[in-house]
Amino acid sequence: MPSIEELYALEILDSRGRPTVQATCTLGSGASGTASVPSGASTGHAEARELRDGDRRRYGGLGCRHAVANVNGAIRSALTGRKIADQAELDLCLCELDGTPDKGRLGANAILVVSLAFARAVSQERATPLFAYFASLLGTTPRLPQLTVNLFSGGKHAGGQVSIQDILVVPCSAQSVDQALAMVYAVYQAAAAISLEKYGMRALTADEGGLAPPFLDVDAMLYDAVAAIERAGLRPGADVALAVDVASSHFYVDGNYLLDHARLASHGMIARILTWLDRYPIVSIEDGLAEEDWGAWPDLNTVLQGRALTLGDDFLCTNPGRIRRAVELRAANALLLKVNQVGTLTEAADACRLARAAGWAVVVSARSGETEDNWLADLATGWAGDFIKVGSITQSERLAKYNRLLEIEARYDLPFAGGQYEHR
Ligand code: PGA
Ligand code: ZN
C-alpha cells in the first residue's frame with residue numbers, strides 16, 4: 001500500500017500562456033510522479049470548478065496561486081504520512097476534503113493535479129507504464145485510439161468567423177498511429193495550401209492548432225476539408241473521414257441556434273446537421289445541440305443512428321449523473337471524456353464505465369489550454385478509447401500526446417482502434 005511522503009505544487013503556464021497547476025507526488029518508497037492539468041475555453045456549465053485567483057492585476061484574474069496553496073497546504077497536511085489503499089481512496093479523500101459538489105473550495109485544478117501525480121508515482125513504484133496503471137483502474141485491455149485531428153477551427157477557439165468550433169479529420173483507413181499521423185500531415189499541408197490560395201492566409205492557427213481562414217459558412221469549411229483530403233491524394237470517406245465539433249451551446253441564444261446568419265429552432269438545427277451528413281463524409285457530431293436542450297437530443301441521436309456518432313461534450317461534462325440521464329433518454333451514443341470536467345480519475349473512470357455499459361463509444365479528449373504533459377495519451381490507451389482528440393499537429397503541447405502515442409506503439413505490442421468507425 002503506497003504512502004504519500006511529499007506533495008509539492010507550483011504554478012506553470014499553459015499553451016495560451018495562462019496559469020495552471022503542476023504537482024509532484026513522492027511516495028514512501030521514493031517513487032515520484034509529476035503531472036500538470038489542462039484548462040478549457042469552451043466549457044460546459046456542469047464542469048467541476050477550477051480555482052482562479054480573481055486578482056485582475058495578475059493574469060487578468062486567472063492566476064492559480066490559491067489552487068497551488070491548497071495543494072501545498074490543506075491537501076498536503078491531510079495526505080502526507082498517510083497510507084492510501086488505491087486511487088479510489090485517494091480521490092474520495094480529496095473530494096471529502098473539498099466538501100463541495102463542484103470542487104470549487106479547493107479547486108478542481110488542485111484536486112485533479114494531485115489525483116494525476118499520485119497515479120504517475122504509483123505507476124513508477126510498480127514499474128509499469130502509465131497506460132497499464134490506468135488500465136488497471138478500469139479493468140480494460142489497453143488499445144491505441146484512432147486519431148481525430150483538428151483541421152479547421154472557428155467558434156471560441158478562433159476569431160469566431162464561423163460559429164462552429166472544429167472540423168476534424170479521422171484517418172479511417174490507417175492501420176496504426178504512425179500511418180494515421182502521416183495521412184493527417186498530408187491533409188493538413190493540403191488544407192494550408194488551399195487556405196493560402198483561397199483566402200490569402202498563411203497557416204495562422206487557432207488555440208488547438210487548427211487553421212482558421214475566414215470561411216463564409218459551415219459548408220465552405222466542410223467543402224475545403226474534403227478538398228484537402230482529395231488534394232492529399234486520399235479518398236474522402238474511405239481513407240479520411242470528418243468529425244465535427246459543433247459546440248452549439250456557444251451560439252444557442254434564447255432557445256435558438258444562431259448559425260450562418262440564420263436563427264434555427266432545435267428541429268431546424270437537426271435538419272441543418274442532416275444536410276451536412278448528406279453532403280460530406282462525417283462520422284461524428286459533437287455537441288450538435290446545446291447542453292440544456294435535453295428535449296431535442298434524443299431526436300438528434302435517432303436521426304444520426306447508423307450514420308454518425310452523437311457525441312456529448314458540454315452536454316455530458318464527463319459527469320456520471322448526466323451520462324446516466326442521457327443513457328435513459330437515449331440522448332447520445334458517445335462520450336467525450338475530459339478528466340478535468342469532473343475533477344478526479346476515479347470519477348472519470350465511473351463516467352467511462354457507464355458509457356461502455358450502455359454500448360457507447362468513448363473519445364478521450366484534451367482541452368484547448370494544454371501543457372507539455374502527455375498523460376492523456378496513456379489514458380486514452382489504458383482506457384481503450386475508441387478515439388483520442390488532442391487538437392492539431394502543429395504545437396508541442398499537442399505533439400507531446402501524439403509523440404507519446406508513437407512511443408507506446410513502438411515499444412509495446414498493442415492493438416489499434418482504427419477501422420471500426422469508417423464512413424458508410
Ligand atoms: P475546450 O474545448 O477545451 O476549450 O473546452 C474543447 C472541445 O470543445 O472539445
Ligand atoms: Zn467540444
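The values are calculated or read from the model by the stated rules, or taken from the named source; none is laboratory data. Here the structure is a predicted model, which is why all the values come from computation and not from measurement. Glycine gets a Cβ as well: all are built from the backbone with ideal geometry, and neighbour counts include every protein chain shown. Quick note on the areas: whole protein, heavy atoms, side chains included, nothing else; ligands and nucleic acids left out. Shrake-Rupley method; radii C 1.70, N 1.55, O 1.52, S 1.80 Å.
Observations on the structure shown:
- Residue count for the range 142-201, restricted to those that are out of contact with any helix residue (DSSP H, G or I) (no Cβ under 7 Å at 6 or more places or on another chain), under 25 Å from residue 42 (Cβ atoms) and open to solvent by 40 Å² or more (accessible area, probe 1.4 Å): 4.
- Which listed residue is open to solvent by less than 30 Å² (accessible area, probe 1.4 Å) and away from ligand 2 (no atom under 16 Å from the Cβ), from 228, 265: 228
- Tally of residues being away from ligand 1 (no atom under 16 Å from the Cβ), of a type in the set (A, V, I, L, M), in contact with a helix residue (DSSP H, G or I) (Cβ under 8 Å, 6 or more places away or on another chain) and not in a helix (DSSP H, G or I) across the range 238-281: 5
- Filtered by the rule that a residue be open to solvent by 10 Å² or more (accessible area, probe 1.4 Å) and either within 16 Å of ligand 2 (Cβ to nearest atom) or not assigned by TED's automatic domain parsing to the domain that holds residue 222 (or both), the range 309-332 gives 309, 319, 322.
- Residues (open to solvent by less than 70 Å² (accessible area, probe 1.4 Å), hydrophobic (A, V, I, L, M, F, W, C) and closer than 17 Å to residue 108 by Cβ) located in the range 82-93: 90, 93
- Beta carbons closer than 7 Å, at least 6 apart along the sequence or on distinct chains, pair a first residue in the range 199-226 that is over 22 Å from residue 389 (Cβ atoms) with a second that is in a loop (DSSP other than H, G, I, E, B) for 199/213; 199/214; 201/213; 214/161; 217/162; 217/260.
- For residue 379, the test of being within 30 Å of residue 62 (Cβ to Cβ), crowded, with 24+ Cβ neighbours inside 10 Å and either touching an Asp or Glu at 6+ places or on another chain (Cβ under 6 Å) or not small (Gly, Ala, Ser) (or both) is passed.
- Just so you know, in the range 36-81 the residues that are of a type outside the set (S, T, N, Q), within 16 Å of ligand 1 (Cβ to nearest atom) and open to solvent by less than 40 Å² (accessible area, probe 1.4 Å) include one that is nearest to residue 9 (Cα to Cα), and it is 37.
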